[in-house]
1. Quick one: how many residues across segment 95-111 are within 18 Å of the chain's Cα centre (by Cα) and more than 24 Å from R68 (Cα to Cα)?
2. Looking only at residues that are in a helix (DSSP H, G or I) and surrounded by 16 or more Cβ atoms within 10 Å (Cβ to Cβ) in segment 205-264, which one is farthest from the ligand (Cβ to nearest atom)?
3. Name the residue that is surrounded by the fewest Cβ atoms within 10 Å (Cβ to Cβ), counting only residues in segment 265-302 that are away from the ligand (no atom under 12 Å from the Cβ), charged (D, E, K, R) and farther than 23 Å from A188 by Cβ.
4. Look through F182, F177 and report the one residue that is in contact with a Ser or Thr (Cβ under 7 Å, 6 or more places away or on another chain) and either within 18 Å of T87 (Cα to Cα) or not hydroxyl-bearing (S, T, Y) (or both).
5. What residue, among those in segment 184-204 that are aliphatic (A, V, I, L, M) and in contact with a strand residue (DSSP E or B) (Cβ under 7 Å, 6 or more places away or on another chain), is surrounded by the fewest Cβ atoms within 10 Å (Cβ to Cβ)?
6. Counting only residues that are within 16 Å of the ligand (Cβ to nearest atom) and in contact with a strand residue (DSSP E or B) (Cβ under 7 Å, 6 or more places away or on another chain), which one in segment 27-73 is farthest from R137 (Cα to Cα)?
7. Is there any pair with a first residue in segment 134-146 that is closer than 16 Å to V156 by Cα and among the polar types (S, T, N, Q) and a second that is surrounded by 16 or more Cβ atoms within 10 Å (Cβ to Cβ) and modelled with pLDDT of 90 or more whose Cβ atoms are under 8 Å apart and which are 6 or more apart or on different chains, and what are they?
8. Inside segment 101-125, can you point out the residues that are in contact with a Pro (Cβ under 8 Å, 6 or more places away or on another chain) and not aromatic (F, W, Y)?
Amino acid sequence: MPGCHPGRFTELTRRHGDTLPRVDIAHELLDAIHAVYGLHPEFRSLHAKGTCLTGSFTATPAAAALTRAAHMSGAAIPVTARFSNGTGTPHVPDSTLDGRGLAIKFHLPDGTTTDFVGLTLPVFFVRTPEDLLEFTRARTDPEKVGPFLAAHPETVPAVTLQLSSLPRASYAQTTFFGIHAFRFVDAAGNGTWIRYRWQPDAGDMTLPQDEADALAPDYLQDDARARVANGGIAYTLFLQLAGDGDPTDDPTVAWPDDREQVEAGRLELTAVADDCEKLVFDPMRLTDGIEPSDDKILRARPAAYSVSIEKRFKN
Ligand code: HEM
């Protein structure tokens, strides 16, 4: 599939080279991640366990008015999607608590692709790759976590949400947030800052820990496959529009709930895609009509992902 091979990263790095952080911090981050979860060649260094599906996305006229991006035109766009568990350990039971991911690759009419990548958390843990490195290293030494949180109050909301979360009943009953701000640019060149989220048609649902622990270790993956065999999984895409003064470069800060929300499209996942474990999803793989913010976490992701990708494609 065009645009899905790791070689694409060379091109990506060339395009955004001026804004990407130094590559050595990406290596340090991946070393720190491997210290937490172990090194599992051939698997993603994070979000190692998942299930891939295919389907289509159709944008609303309201989305098409905000951006000239090809996948927001209103035409049905084929997609490949991957649901995942956040941990870098590939074989954990699905009842294990951590974030969950939804990565979507839109296959555009011109043969290129563009990606949306979201998490169950509406905000991220840190503002910079340097802080992420310190935080990830602290996680291997319990005595360092408290001091890190005391020095980084911006990390507390994401940690609190994570610690109070419960196992998911189904990926199809889970809301996913893009977290970063992007600038949607219309045909006339006018820009609007947005944050996106996928809201499930089946509603949001969690399970008590003991109930989830009693289920099969792959219950989330089995459920996703069963649902596509029985009518599919559907989400509505919502865009939250930035208000005056809302930060576009800080992923630790949520925008106020009363900001305008635009219903932007519908995603329908209808089949299992068995070959998608080799795909690469990256929120900086953008297309004309959508621009990245200066969020340092967003800018750090391509280099970090390419280190993980080199590892998993080595063999
Ligand atoms: C600097 C911060 C971050 C680092 C270092 C990082 C690191 C990683 C790595 C190494 C992978 C595996 C890549 C691969 O092998 O393809 C990954 C996957 C993923 N990350 Fe991140 N991540 C960061 C921030 C985020 C944020 C903010 C989100 C959500 C908005 C996110 C969501 C995901 C998802 C959903 C996947 C799985 C993608 C797939 O299914 O292929 N990450 N991350």
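The values are calculated or read from the model by the stated rules, or taken from the named source; none is laboratory data. These numbers come from a predicted model, not from an experiment. Heads up, the Cβs are rebuilt from the backbone with ideal geometry, glycines too, and the neighbour counts pull from every protein chain shown.
1. Residues in segment 95-111 being within 18 Å of the chain's Cα centre (by Cα) and more than 24 Å from R68 (Cα to Cα): 5 in total.
2. So, considering only residues that are in a helix (DSSP H, G or I) and surrounded by 16 or more Cβ atoms within 10 Å (Cβ to Cβ), the one farthest from the ligand (Cβ to nearest atom) is A212.
3. D274
4. F182
5. V185
6. Per the criteria, the residue is G55.
7. T136/L29; T136/A32; T136/I33
8. Passing the criteria: H107, G111, T112, T113, D115, V117, V123.
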